[in-house]
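Below: the structure, in structure tokens.
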Amino acid sequence: MLGKRLLNAVIDQQDAIRCIKDRDSAKTKFLIDSPYFGCEHYYAAKFDGHEELADVLNGIKGHAIVCYYDLPEIRKLYPEIRWEYREIKAAALLSHKSLKGERTELLIVKRHRNSAKHQRSEAA
């Protein structure tokens, strides 16, 4: 079953903003696992585009799941009127001692335009 679902999947390593803009459609599903807010210094590549990424994702036609730690700054970028928050427990595998162990991560799921909450926001 999973193999069939991933048969037409495209895994891309280009700039996320460009990829989202190039590939967005009502049928597109994005999984975004960007450097975590406040942890950017643990990554080899420089990343400071959290606001730009959120702006682009807030306007897409397709579906998206974004992974982050649950922080007020992130909830502000991804408003609950457009996004659903799902907490999951995950093992932190980074080599830094303070980041090892179990962490609660936030999966931020874009609400479908037909959801009742989204329709109420559009009417307001």
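The values are calculated or read from the model by the stated rules, or taken from the named source; none is laboratory data. No experiment lies behind these values; they were computed from the predicted model shown. Glycine gets a Cβ as well: all are built from the backbone with ideal geometry, and neighbour counts include every protein chain shown.
Checked against (1) at pLDDT below 80; (2) within 14 Å of the chain's Cα centre (by Cα); (3) β-branched (Val, Ile, Thr), Val10 meets all criteria but (2).
Has segment 22-39 got at least one residue that is part of a helix (DSSP H, G or I), within 17 Å of Glu105 (Cβ to Cβ) and at pLDDT below 75? For segment 22-39, residues part of a helix (DSSP H, G or I), within 17 Å of Glu105 (Cβ to Cβ) and at pLDDT below 75: absent.
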